[in-house]
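> Dropping a structure here in structure tokens format, bear with me for questions.
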Amino acid sequence: MAVASLWLLFGSPIAAQQTTVVRAARMLDVVKGEIVSPAVVVVADGKIQSVGAANVPPSARSIDLGDVTLLPGLIDAHTHLTSDLSGDWVTRSVRELPADAALRGAMNARKTLLAGFTTVRDVGAGGFADISLMKAIDAGFVEEPRMIPSAHAIGITGGHCDDTGWAPGIHELDYRDGVADGVEEVLKAVRYQVKHGAKVIKVCATAGVLSFDATLGAQQLSDAELQAIVQEANRHGLKVAAHAHGTAGIIAAVKAGVASIEHGSILNDEAIALMKARGTYLVPTAYLLSTFHFDSMPPPIAAKARQVIPLAQDSHRRAIKAGVKIAFGTDAGVYPHGDNAHEFATYVGYGMKPADAIRTATVNAADLLGVTDRAVIASGKLADLIAVRGNPLQDVKTLQQVVWVMKGGAVVKDAAR
């Protein structure tokens, strides 16, 4: 094939290898919580080669973004890219194929990337659609955020991770779909998700809101089941994220050794103290609590939401005040994909300083995910960068309007100039 044809298909081979220097008026040192001015970042081979004006190669291609603030690409540790609440979402599971979900996921992932989120932890999808999406992203078929998928979330028969409300015999699930009862079955469920590509294990330690089981926060997986899941996941080098609303289930999950509590709606002093002692992260998914559309929900779900939302808001404030470790997560899919950055202002409203809120989606989230190659602007890290107008330390809402995105050294959004 001619070189010209290769260029049309894949871009210039020379340009792909060319060193690029990204310049901006400012950049945020997320570790120190300080603005550095000016920003000069040298990028080569998908990584940050150096930071500062002293080491700029004379032959480097230059991108001058002007009066913006440069930040590391953001991380959302709780997304559901393959789903949303559009249309008749209640019956979708019996009408659609995994391929439908994966294609929907590609659309939603693109919105997420353009919003400045270059990494996501996706916590629960049917039919291994999230695994297929991750593979397509890694292969370069689609240009989307880096994904850490869980495949099927694991929970009990009839619980929040099951698909309930159907007549007997319709859409019955088993351990391969994450529905498992007893230690032996949950072990098989974990192993089956790992076999097919899961990079994190998600469990439903308690009941939840967007399901048709009658309770809201009751513990569902037993202490023994939770312990077996964590131990098995850890043997495979994976962490466990626990959906947990009710206090007993939160405490049981933390004692079992999960890495994070998702939602954490009903925290008491014991749960907060235990999370601090164990270093367990809280992933609040807080912004959606102020956007929940009760009138469009089935009545049983709306009733549970009305009950839990004020409890969750109070719990999150108490956890932040107490110094529980917080990692950024939105539950995107329950509310529109691409609006992820609204979560920051909610944390600030709960009492966080803007710098601390930004750390939840950078260094904190990277620590939770167990990745060390991103989340700061430093030599040797992935060239995942974003830019916003203004100073996010003065107004964290500037992160809701990302004007420029680079992932792995490739510019994927350029509205800054």
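> Please go through region 39-85 and pick out each residue that is of a type in the set (D, E, K, R) and surrounded by fewer than 24 Cβ atoms within 10 Å (Cβ to Cβ).
D45, K47, R61, D64, D67, D84, listed by residue number.
> Would you mention how many residues in region 177-228 are assigned to a helix (DSSP H, G or I), in contact (Cβ under 8 Å) with a residue 12 or more places away in the chain, acidic (D, E) and open to solvent by 40 Å² or more (accessible area, probe 1.4 Å)?
So the answer is 2.
> Could you tell me whether region 86-105 includes any residue that is farther than 26 Å from M297 by Cα, surrounded by fewer than 24 Cβ atoms within 10 Å (Cβ to Cβ), in contact (Cβ under 8 Å) with a residue 12 or more places away in the chain and not aliphatic (A, V, I, L, M)?
no
> Right, another one. Pick from region 279-295 the residues that are open to solvent by 10 Å² or more (accessible area, probe 1.4 Å) and within 20 Å of C204 (Cβ to Cβ): which of them is modelled with the lowest pLDDT?
The qualifying residue modelled with the lowest pLDDT is F292.
> Let me ask something additional. Among the listed residues G323, G333, which satisfies the condition of being open to solvent by less than 30 Å² (accessible area, probe 1.4 Å), in contact (Cβ under 8 Å) with a residue 24 or more places away in the chain and at positive phi?
G333 is the lone residue from the list that is open to solvent by less than 30 Å² (accessible area, probe 1.4 Å), in contact (Cβ under 8 Å) with a residue 24 or more places away in the chain and at positive phi.
> Now for a separate question. Condition test on A252, is it in contact with a helix residue (DSSP H, G or I) (Cβ under 6 Å, 6 or more places away or on another chain), closer than 17 Å to D162 by Cβ and either in a loop (DSSP other than H, G, I, E, B) or small (G, A, S) (or both)?
On the way: in contact with a helix residue (DSSP H, G or I) (Cβ under 6 Å, 6 or more places away or on another chain): yes; closer than 17 Å to D162 by Cβ: no; either in a loop (DSSP other than H, G, I, E, B) or small (G, A, S) (or both): yes.
Here the answer is no, as A252 does not meet what is asked.
Okay, residues lined up against (1) touching a residue at least 60 places away in the same chain (Cβ under 8 Å); (2) part of a loop (DSSP other than H, G, I, E, B); (3) buried (at least 18 other Cβ atoms within 10 Å of the Cβ); (4) among the basic types (K, R):
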site: S132; (1), (2), (3), (4): no, no, yes, no
site: K135; (1), (2), (3), (4): yes, no, no, yes
site: D138; (1), (2), (3), (4): no, no, no, no
site: E143; (1), (2), (3), (4): yes, yes, no, no
site: A151; (1), (2), (3), (4): no, yes, yes, no
site: T157; (1), (2), (3), (4): no, yes, no, no
site: C161; (1), (2), (3), (4): yes, yes, yes, no
site: W166; (1), (2), (3), (4): yes, yes, no, no
site: E172; (1), (2), (3), (4): no, yes, no, no
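> Please name all residue pairs, on different chains or six or more residues apart, with Cβ atoms under 9 Å, provided the first residue is in region 108-119 and is under 14 Å from D384 (Cα atoms) and the second residue is open to solvent by 10 Å² or more (accessible area, probe 1.4 Å) and in a helix (DSSP H, G or I).
Partner pairs satisfying both residue conditions: A115/Q400; T119/L369.
> Among the residues in region 296-310, are any open to solvent by less than 60 Å² (accessible area, probe 1.4 Å) and outside any helix (DSSP H, G or I)?
Yes, some residue in region 296-310 is open to solvent by less than 60 Å² (accessible area, probe 1.4 Å) and outside any helix (DSSP H, G or I).
> Restrict the check to region 13-24 and report whether at least one residue is within 18 Å of the chain's Cα centre (by Cα), modelled with pLDDT of 85 or more and either surrounded by 16 or more Cβ atoms within 10 Å (Cβ to Cβ) or not basic (K, R) (or both).
Residues of region 13-24 that are within 18 Å of the chain's Cα centre (by Cα), as a first pass: none.
The answer is no, given that none of the residues of region 13-24 is within 18 Å of the chain's Cα centre (by Cα), modelled with pLDDT of 85 or more and either surrounded by 16 or more Cβ atoms within 10 Å (Cβ to Cβ) or not basic (K, R) (or both).
> If you take the residues in region 106-130 that are touching a Lys or Arg at 6+ places or on another chain (Cβ under 6 Å) and open to solvent by less than 10 Å² (accessible area, probe 1.4 Å), which one is farthest from T372 (Cα to Cα)?
Result: V123.
> Answer with yes or no whether K255 is in contact with a Gly (Cβ under 7 Å, 6 or more places away or on another chain), surrounded by fewer than 21 Cβ atoms within 10 Å (Cβ to Cβ) and touching a residue at least 12 places away in the same chain (Cβ under 8 Å).
no
> So, in region 332-351, how many residues would count as being closer than 18 Å to L393 by Cβ, within 13 Å of the chain's Cα centre (by Cα) and either part of a loop (DSSP other than H, G, I, E, B) or at pLDDT below 95 (or both)?
1
> When A357 is evaluated against the numbered criteria (1) assigned to a helix (DSSP H, G or I); (2) surrounded by fewer than 18 Cβ atoms within 10 Å (Cβ to Cβ); (3) in contact (Cβ under 8 Å) with a residue 24 or more places away in the chain, which criterion, by number, is the only one it fails?
Unmet for A357, out of (1) assigned to a helix (DSSP H, G or I); (2) surrounded by fewer than 18 Cβ atoms within 10 Å (Cβ to Cβ); (3) in contact (Cβ under 8 Å) with a residue 24 or more places away in the chain: (2).
> Spot the failing condition for N234; the list is (1) assigned to a helix (DSSP H, G or I); (2) among the polar types (S, T, N, Q); (3) buried (at least 24 other Cβ atoms within 10 Å of the Cβ), and only one is missed.
Of the numbered conditions (1) assigned to a helix (DSSP H, G or I); (2) among the polar types (S, T, N, Q); (3) buried (at least 24 other Cβ atoms within 10 Å of the Cβ), the odd one out for N234 is (3).
The values are calculated or read from the model by the stated rules, or taken from the named source; none is laboratory data. As the structure is a prediction and not an experimental result, all values here were calculated from the model. All Cβ positions, glycine included, derive from the backbone under ideal geometry; neighbour counts span all protein chains shown. Just the protein is used for accessible areas: all its heavy atoms, side chains included, with ligands, DNA and RNA removed. Shrake-Rupley method; radii C 1.70, N 1.55, O 1.52, S 1.80 Å.
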